[in-house]
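Quick one: the structure is below, questions incoming.
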Amino acid sequence: MTGYAKTAVLLAGLTGLFMAVGFMLGGQGGMLIAFVIALGMNAFAYWNSGGIVLRQYGAQEVGAQSHPQLHAMVARLAERADLPMPRVYVMDNPQPNAFATGRNPAHGAVAVTTGLMQRLDDGELAGVIAHELAHIKNRDTLIMTVTATIAGAISMLANFALFFGGRRDSPLGVVGTIAIMILAPLAAMLVQMAISRSREYEADRIGAGIAGNPKGLAAALDKIASGAARIDNHAAENNPATAHLFIINPLHAHKRDNLFSTHPATENRIKRLRALATSGASPWDDDPPSSPLQKPRPGHLPH
């Protein structure tokens, strides 16, 4: 199953779970009310989530004058990816990390930490930025906003149902209804995490194609994971719901894949990228652009 198909199936499952909790809460009427609430929450998240996350991390927008090399690198990679120039932000944070946000490519933004710029060479930094541009290109920022919103709505409804008792005439009975109310938020969280992991693998693959250097991204992931494991990201700890946005989990999660991880194991991602570099196969779904970037070298921006 492709990454897109898996995401579609998981989103459908998450939506179905949400509708089921609404039904348990108030029958068809409750399901309709829950649906309307979800639409409102998604509309708010669609229009405002990007700006909210950037403010949470104190991200400052930078331009060609203040950060000429970074701005030029993003511009070149965006052109390579056939994307509009995203807004570029820098977070004053010693932990090496990065994320992308924005409801669509026309409103995309890439944010990197000062720690990331200090620890990576240009080839590695290009791989990270290309990964984030892949998220924008694939509209993952919107997908993850929707999944986070639906998962939050399911938890809210489940708590509401537990407080007020749910439907006494549920076909599952009282015990079954209570079980659904307890397990639904957990299931929603697991689906959200599964979608996040699927999109990270896809962004690695497409990002490697944008940068033209899978080994650069692999080396960057290794450095970022090492730094993130040792350096606290206090803003992320205060906003754990945004952890899935980062290229590497900023919350010191376990390295191995498990149901409760928002990211794939870094070792698995590096292994896939190195295999891609060794095979020589194109990471692109379609034919690559006609003017590929030269392979980045330490101390040099891609041209």
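Read-outs: derived from the displayed coordinates by stated rules, not from any lab. None of these values were measured; they are calculated from a predicted model. Counting neighbours? That spans all protein chains shown, and the Cβs are built from the backbone with ideal geometry, glycine included.
Could you order the peptides 98-107, 125-134, 82-91, 197-206 from most to least packed, using the average number of other C-beta atoms within 10 Å per residue?
Order by mean packing, descending: 125-134, 197-206, 98-107, 82-91.
I need the peptides 63-75, 240-252 ranked by packing, meaning the mean over residues of other C-beta atoms within 10 angstrom, with the highest value on top.
By packing density, highest mean first, the sequence is 240-252, 63-75.
Separate question: Among 135-144, 211-220, how do they line up by average Cβ neighbours within 10 Å per residue, starting with the highest?
So the order, starting with the most tightly packed, is 211-220, 135-144.
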